[in-house]
1. Can you give me the distance in nm between label points at residue 600 and residue 25, each placed 7 Å from the Cα along the Cα-to-Cβ direction?
2. Multiply the residue gap between residue 305 and residue 189 by 0.36 nm, knock off their C-alpha separation, and tell me the result in nm, one decimal place.
3. Where a ≥ b ≥ c are the square roots of the eigenvalues of the C-alpha gyration tensor, would you call region 340-427 rounded, which needs a/c under 1.5, or, failing that, prolate if a/b is larger than b/c, or oblate?
4. Calculate the FRET efficiency for residue 687 and residue 626 from the Cβ-Cβ distance with a Förster distance of 35 Å, rounded to the nearest 0.05.
5. Probe of 1.4 angstrom, ligands and nucleic acids ignored: what's the accessible area per residue over region 102-296, in square angstrom?
6. Take the residue pairs 30/96; 448/598; 448/535 and return only those whose Cα atoms are more than 27 Å apart.
7. Grab the DSSP H runs of the chain that are 4 residues or longer, score each as -39,500 (n - 2.57), total them, divide by all residues and round the 222 nm result to the nearest 500 deg cm²/dmol.
8. Within the chain, which is the longest segment containing none of the trypsin sites (Lys or Arg not before Pro) that sit in a DSSP loop and have at most 10 other Cβ atoms within 10 Å?
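The values are calculated or read from the model by the stated rules, or taken from the named source; none is laboratory data. Note that the structure is a prediction, hence the values are computed from the model and not measured. Cβ placement follows ideal geometry from the backbone for every residue including glycine, while neighbour counts extend to all protein chains displayed. Only protein heavy atoms, including side chains, enter the accessible area calculation; ligands, DNA and RNA are left aside. Shrake-Rupley method; radii C 1.70, N 1.55, O 1.52, S 1.80 Å.
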Amino acid sequence: MAVELRLTTSKPASFYLRAARSFLEGVPAKDDKAAKPPVDTVTLTALGNAISVACFIGGTLEKEGLATIASVRTKWTSVAGPMKHTPNITVVLKRKAAEKALSGSLAVTNESTSPIEGQKPGTSGLRKKTKVFMGKNYLENFVQSTFDALKATGVPVEGGTIVIGGDGRYFNKDATQLIAKMSVANGVKTIWMGNDALLSTPAASAVIRTREGGFVPFGAFILSASHNPGGLDEDFGIKFNCENGGPAPEKVTEKIFENTTKISEYKICKGFPTIDLTTKGTYVVEGKIRVDVFDCAEDHVGLLMKVFDFEAIKKLIARKDFSMVYDSMNGVQGPYARRVFIDELGAPESVLMNAVPKEDFGGKDTPSHGHADPNLTYAVELVQKMGTNKTGEKVGSGDGVPEFGAAADGDADRNMILGKQWFVSPSDSLAIIAANAGCIPYFKEGLKGCARSMPTSGALDLVAKKKKIPCFVVPTGWKFFGNLMDSGDERYFPDSDIYTPFLCGEESFGTGSSHVREKDGMWAVLAWLQILASKNQDESKPLVSVEQITKDHWKVYGRNYYCRYDYEGVSSESASTMMKNLIEKLPTLKGTEMKGMKFESAENFEYNDPVDKSVSSNQGVQICFTDGSRIIFRLSGTGSAGATIRLYLEKYEKPSGNLDLSQFEVVKPLAELALELSDLSNLTGRNEPTVIT
Ligand code: VG1
Ligand code: CO
C-alpha cells in the first residue's frame, strides 16, 4: 500500500509526524474498528513553508529506523496569486521492515545480436505470435532498441525509474523479469512492478502520473496484446508509454523501429536476481537498485476515486431495484474490479464475472474462446446474461436480467456498456457521456475539449456543437489523443490552447479522459454508473434505465446508426491491393453517384496535429455522401499475422426520424455499396465479414 500526505502549515509538524508514523507502523484493531495494516510507501508533498516539515518528518523517521528516505525531489509548481510559482518538495519514505536486501551481480554484459525483421510497432505497440516473442533475441532486440531510442532523444534513462507490467497473458512474467535485467544494464536505478507482474494499460498510465507524487518514471513497458488471445500458440505484445503516461508517439516508435533494423548488441545484467512478484514490498539489490512490487490496483483505483463521486455510486448500487454484473473476461481487470465494486462500492460478490486473470483468458473452451474482447460477438456470457443476442436485440422476457452490465478486454482499456436487454454502441456511449459530463466531479467545471477517432461515429460532434466545445477528429489509436490532453501543460506545450478536462473515445470500445493518457475500461463504466446515479437519486421513483438514457439522447440529437465489419485473416497482398485501388479511385468520386447515393467527398485521411503540428498521413479512406452517410476502409494495425480489413458504416437519422431500427439492418445498403466500390470480395475471396460489431 502507498499513501500520500499533503503537508500544510495549518497543522503542527507533530500532527503529520504522528500520521506518517501510524501509516508506517499500522494500527491495531480497537473496539469495533478493524486493524489497519502498515503502508509500505508514504509520500510527503509540501509547498513553500511546509517544506521544512517534510524534511523534519523524513529525517526523524529515518533516524528512528522506521523508514528509509527513498527519494527527495524538488520542483516549482504554478499556484494562483501574485507569486505564480512556488517551490515544492516530494519526500518518499519506504517502510524499513518491508525492505528486503537481495544479492546478485550488477555486472553488465553486451550480448551480440542482429536485426530481426518485422519489429515495426502498429496501432498500439508490437504484437506477434508468442513463440516469435520467445524466439532468440526477439524481445531483447525490441527492448534495447527502445532504450537506445530513449537515450538518443535525451530521456533520463540513466538513474531513472521504469514501470514494467502487463495483462497477465502467457509469457508476461518471464518477459517482465527479462526487461528488469535489461533495464538495470541500461542504467535504470528503480523498477516499479505491479504484483504478479500485472498492470492494466490504464493503471500503468495512472502509476506514471500519480505514484509517489506523480511523474517519477521516465516510462513504462506494458506487456499486452490487448484482447488478442493469449497462450503459447497465441499472441504476445509489448508497448512503451512515455513519461506523460501515454503511448509513445509516432516519432518515438519510428525511431525504435529504425533501431531494430540496425541493432548489433544488447545490454543485460545476467546476474540480477529474479524478483519475487508474489510478495509486495521493496527489494534493494546489492544496496544499489530498488525494485518496488506494489498492489497493481492501488494507484489507479485511488485516482478513480478522485475523478468520480463514489458515495453517489454506492447509493445507486444499494438501491433494491438496481443490479449489475461486470465481466473481466479473465483478463487483467479482475483485481481492479474487485477493489472498485466489492471493496469500495459495497456491491455483492455476484457482480464479478471471470475476475481471475488467466494466462489464456480462459482459453478456447470458454464461451469467448479466449478472446477477452468486450463486444457482442465475444463477450458471449455477459451478453446472454443481459438478455440480448449478438446483434443487440432483446431475447426472452427480461426477467431477472440485471439493470447494468459491462465488460473489459485483456488489458482493461476497453469497455462494453449494456443495460437490461440493451446494448449501447461505443460511439453512442461516448456522446452520451459527453452530454451528461456535468455529473462527473472531474468535469464539473465543464469539458474544455473532446475528440474521437476518424472512424468513430459523428454522434460526439453533435453534442460538442451544442455545448460549444472544440471537437477533434484524429486517426485511429490512442496515441493521437495525447497531445490534445497535454495541451497547455507547462512540461510539454505551455503556449498552446488548453483542451482539458478532455473526453475522447473510439468506436472500438475505447473511452477515456485526461485523467490518464490511455483509454480506460473502468473509467467508462464508472462514468455510466455516475450518470445512472445522478438520474436515480430519488429511490421512490422508478429507475431510469440505460435504455431510457440512450433513447432520450437520440430524441435530442438524432441517431448515428453505426456498424463495423471486420474481414480478418486476409492476405496482406490482397488487402494492400484493395486499398491502393481504392485510393486511386478517390479523386474521381466526388459529385458522382452510385446505387442512388451521391458522393460528397472522398479522401485518404491525413491528420494535422493542432498542438505539435505533426502530420500523419495514410490513416484510412473516408468516403462521405450527401445525405450524411459515411463509409471508411482501413487496415488494422494490431494483428499478429496476415491482414484485417475494417469497413466502418454510418448513417445519420434526425431526431424526428425512425430511431428504433436495427443498426445492422440500416447500414446494409451502405455495406453493399462499399463492397461494390472496393471490389473486396473479388480481391480477397471473402463474401462475409468474420466479425460484425
Ligand atoms: C484497434 C482499434 C483501435 C484501437 C486499437 C488498440 O486498432 O481499431 O481503435 O486503438 O485496436 O486497442 P486496429 O489498428 O486493429 O484497427 V487495444 O484495446 O487492442 O490496445
Ligand atoms: Co486493450
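1. 7.0 nm
2. Values: separation 116, 0.36 × 116 = 41.76 nm, distance 3.07 nm.
So the extension gain works out to 38.7 nm.
3. Oblate.
4. On the way: r = 29 Å, r/R0 = 0.82.
My answer for the efficiency is 0.75.
5. Details: 6290 Å² over 195 residues.
That works out to 32 Å² per residue.
6. On the way: 30/96 25 Å; 448/598 36 Å; 448/535 23 Å.
With Cα atoms farther than 27 Å apart: 448/598.
7. Working: 20 runs with 198 residues, N = 693.
-8500 deg cm²/dmol, from helical runs alone.
8. Working: sites that count: 84, 136, 262, 288, 320, 468, 491, 595, 613.
The answer is 321-467.
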